[in-house]
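The values are calculated or read from the model by the stated rules, or taken from the named source; none is laboratory data. The model shown is predicted, which means the values in this text are computed figures rather than measured ones. FYI the Cβ positions are ideal-geometry reconstructions off the backbone, even for glycines, and counts take in every protein chain you see. SASA here: full protein model, heavy atoms, side chains in, ligands and nucleic acids out. Shrake-Rupley method; radii C 1.70, N 1.55, O 1.52, S 1.80 Å.
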Amino acid sequence: MLTLLEEHACHDGVQRIYRHDPETIGLPMRFSVYLPPQAGGTGGAGVPGLFYLAGLTCTEETFPIKAGAQRFAAQHGIALIAPDTSPRGANLPGEADAWDFGVGAGFYLDATREPWSKHWGMYSYVRDELREAVTANLPVDGARLGIFGHSMGGHGALVLALRNPEIYRSVSAFAPIAAPTRCPWGEKAFSGYLGDDREAWKQYDASELVGRAARKFEEGILVDQGTADPFLPNQLNPDVFEAACKAAGQPLTLRRHDGYDHGYFFIQTFVEDHLAHHARILLK
């Protein structure tokens, strides 16, 4: 059951915010959906769907408000879906003490460490219940899905795609945390949510997963990274992911852009290219 909270006309389509009650989270969750004008006359098949995973501190509203992607989604006839970045309202001790752990920092994993394991199941939520809620209730074709994201969400997009190529046909990322087992953000999140077994962490590290993926994304993975990104030196590790893709024979386009930082002005500049990348694959 989806509850419609907001609806706005946008580029001849409609931007919506929904709430629902997924069992994997055990709390109400919100997500945004942009339906392009083509979704109105597609019958039961639906338009392709592209999931966007946002970064630390963001919500389901960040991407639709800041990225300017609806214009290009309308041109290609692709729906955009963006979930919130973590459960909210669990009232766990310390859940809001840090901006990079707890509320707004779900890291798109299934927590196994108490007390987070009860609600912090963002990996299964995005892969299963969110996807099923969208494809069952909205004119979105479950056989034509892609995924992309930014920073923490870029990490999530790469992990979900590499682990589930039968679900996601296309994948891209903006400034992803590409090797989280090797950076402070990842070490803090993984130790807090998963415990001290570093082998268990590898199931959520794109640079570890690319070499053992069930199949390659033959159409390629697109990653954009700004060279003026303040998190590039210590947190993001695109070079590690690039080397892992090369070793695995996974086609990768890693573009480095001089002068661009980590924010949404960077995303606005290159989001058209990402929509085109996904459209080329999903609209075949």
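Summary table below
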quantity: Sulfur and carbon atoms: percent of accessible area, the chain [1.4 Å]; calculated: 48
quantity: Within straight-line cross-link reach of K246, lysines at Cα separation under 22 Å, skipping those fewer than 8 residues along the same chain; calculated: K202, K216
quantity: Förster-model FRET efficiency, 22 Å R0, E242 and Q203, C-beta, rounded to 0.05; calculated: 0.60
quantity: Cα lying deepest toward the dipole's positive end in the stretch 3-283, options A136, T85, Q235, charges on Cβ; calculated: A136
quantity: Of [x] 21; [y] 10; [z] 28, the label for percent of Cα pairs over 35 Å apart derived from the coordinates; calculated: [y]
quantity: Solvent-accessible area per residue for the stretch 3-283 (1.4 angstrom probe, square angstrom); calculated: 38
quantity: Relative packing of peptides 23-33, 48-58, 187-197, 245-255 - highest average C-beta neighbours within 10 Å first; calculated: 48-58, 23-33, 187-197, 245-255
quantity: Cut-off 14 Å (backbone N to label point 7 Å along Cα→Cβ of E132), residues of the stretch 1-30; calculated: 1-2, 21-26
quantity: Size of electric dipole in the chain: Cβ of Lys, Arg +1 and of Asp, Glu -1, about Cα centre, debye, nearest 20; calculated: 600
quantity: Per residue, the convex hull volume that the Cα atoms of the stretch 225-266 enclose (Å³); calculated: 68
quantity: Anisotropy class of the stretch 57-210 from Cα gyration tensor, a/c 1.5 cut; calculated: prolate
quantity: Assigned charges on the beta-carbon of Lys, Arg, Asp, Glu; the stretch 185-284 dipole about Cα centre (debye); calculated: 400
quantity: Contact order normalised by residue count of the stretch 3-283, Cα under 8 Å, 6+ apart, percent; calculated: 17
quantity: Span-like helix ranges in the chain, DSSP H, alpha carbon extent 20 angstrom or more, Kyte mean at least -1.0; calculated: 264-282
quantity: Spin-label zone in the stretch 152-183 - amide nitrogen under 13 Å from a point set 7 Å from the Cα of A214 along the C-beta vector; calculated: 160-169
quantity: Prolate/oblate/rounded label for the stretch 22-98 (Cα gyration tensor, a/c 1.5); calculated: oblate
quantity: Gain in span if fully extended, D12 to S124, counting 0.36 nm per residue against the direct Cα distance; calculated: 37.1 nm
quantity: Dipole of the chain [Lys/Arg +1, Asp/Glu -1 at C-beta], most positive-end residue of W99, A247, H20; calculated: A247
quantity: Fraction of beta bridges assigned by DSSP in the chain that are antiparallel (%, nearest 5); calculated: 50
